[in-house]
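Trainee: Here's a structure for you.
What follows draws every value from the coordinates through simple rules; no lab data is involved. No experiment lies behind these values; they were computed from the predicted model shown. Heads up, the Cβs are rebuilt from the backbone with ideal geometry, glycines too, and the neighbour counts pull from every protein chain shown.
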Amino acid sequence: MGMNVGSGSDSGDPEVMVDMNTTPLIDVMLVLLIMLIITIPVQLHAVKLDMPAGNPPPQTTEPIVHRIDIDFDETIYVDGIVTDRATLEAKLREYAAQPEQPEVHLRPNKLAPYKTVAGVMAAAQRLGVTKIGMIGNEQFM
């Protein structure tokens, strides 16, 4: 910030200052900025999960596990067999109808599109599969 000292003429009349004093403007803007920062709510990226309450009952037998793999080119494998969407939904419907639901392990490839993985998870939820888990997450580290 500079200071206008004058032109050095000896006329005795002060010159008119044409520069605007921006200090009050900056002070007001800083106060408004601080108020805006304080009043903005904190954005939490959270997913609501319905977690079971209490201790699980002891298991006497090993659970049945079915594995769904999703390859990088959107190919879906159910227990190692290439499957289309209709067959996948039929299998998921079959798993959900069983009295003791088997575990479904979903293992997507690192390069698999998210829309395919999300579609399989949404189909499983829509058809009533309750025991589904993601495995192989260490590849994403």
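Trainee: Could you please find all residues in region 86-117 being over 15 Å from VAL129 (Cβ atoms) and not β-branched (Val, Ile, Thr)?
Mentor: ALA86, ARG107, PRO108, ASN109, LYS110, LEU111, ALA112, PRO113, TYR114, LYS115
Trainee: Wholly within region 42-141, which strands (runs of 3 or more DSSP E) include no fewer than the required count, namely at least 2 residues that are surrounded by 13 or more Cβ atoms within 10 Å (Cβ to Cβ)?
Mentor: So the answer is 65-70, 76-78, 103-108.
Trainee: While we're here: Quickly run through region 58-109 and pick out the residues that are small (Gly, Ala, Ser) and out of contact with any Lys or Arg (no Cβ under 8 Å at 6 or more places or on another chain).
Mentor: ALA86, ALA90, ALA96, ALA97
Trainee: Which residues, counting only those in region 114-136, are more than 20 Å from the chain's Cα centre (by Cα) and not aliphatic (A, V, I, L, M)?
Mentor: Passing the criteria: ARG126, GLY128, THR130, LYS131.
Yes/no matrix, rows are residues, columns are (1) under 20 Å from ASN137 (Cβ atoms); (2) touching a residue at least 24 places away in the same chain (Cβ under 8 Å); (3) charged (D, E, K, R):
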residue: THR22; (1), (2), (3): no, no, no
residue: ASP27; (1), (2), (3): no, no, yes
residue: MET35; (1), (2), (3): no, no, no
residue: ASP50; (1), (2), (3): no, no, yes
residue: ASN55; (1), (2), (3): no, no, no
residue: VAL82; (1), (2), (3): no, no, no
residue: PRO102; (1), (2), (3): no, yes, no
residue: ALA112; (1), (2), (3): yes, yes, no
residue: LYS115; (1), (2), (3): yes, no, yes
